[in-house]
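Student: Let me begin by handing over the structure; questions about it come next.
Just so you know, all these numbers are worked out from the coordinates, no wet-lab data involved. These numbers were taken from a predicted model, which means no experiment stands behind them.
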Amino acid sequence: MKHIKQFKVYESVDFEKKWIDVQGEFDVFQLMELIVFKYGHILTDSEIEISEYEDDYNPDHIYDSIRYELENLNIFNEFLTNYEQYSIEKDEADPFHWRNRKKIQDALHKGLDDLNNNQ
């Protein structure tokens with residue numbers, strides 16, 4: 001039983017590091033956009049706080065609010081595990097992002113190759 005408790009401590013340290021990485025990679029607005037893209041408007045308290053303090057806000061307070069809401073919805077660990085993939089999915093869904101243009105270009109080339117092979 002003692003080993004299980006130690007494992008959970010290490011697991012939480014890993015998630016703490018990932019949360020710090022998320023804060024370094026995304027500003028508050030980008031993080032909210034990613035969460036809204038993946039889950040919809042589930043963080044109502046954080047959205048209200050951002051809109052109330054849009055010009056003058058403490059980002060650390062908003063990050064804490066986002067984390068608190070994600071933990072209460074029991075998706076904090078899942079989000080931290082998959083946030084990089086979610087970011088890629090969000091980029092690919094944006095018609096002006098290079099990932100989306102590359103995906104379309106690859107599909108076009110595959111279609112032309114299939115057309116040439118069928119002749």
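Student: Structure shown: which of Lys18/Lys90; Lys17/Lys90; Lys38/Lys110; Lys17/Lys102; Lys17/Lys103 lie over 25 Å apart, alpha-carbon to alpha-carbon?
Tutor: Long pairs (Cα-Cα over 25 Å): Lys38/Lys110; Lys17/Lys102; Lys17/Lys103.
Student: Something else: Cut-off 10 angstrom, C-alpha nodes, Gaussian network model of the chain. Which of Lys103, Lys17, Lys38 fluctuates the most?
Tutor: Among Lys103, Lys17, Lys38, the largest GNM mean-square fluctuation belongs to Lys103.
Student: Also, quick follow-up: Return the calculated 222 nm mean residue ellipticity for the chain, to the nearest 500 deg cm²/dmol, obtained by summing -39500 (n - 2.57) across DSSP H runs with n ≥ 4 and dividing by the residue count.
Tutor: The helix contribution divided over the chain gives -27500 deg cm²/dmol.
Student: On the first, second and third principal axes, largest extent first, how far apart are the outermost C-alpha atoms of region 2-118 in Å?
Tutor: Ordered largest first, region 2-118 gives principal extents of 62, 46, 22 Å.
Student: Given a cut-off of under 8 Å on Cα pairs at least six residues apart, what relative contact order in percent is computed for the chain?
Tutor: The normalised contact order for the chain reaches 22 percent.
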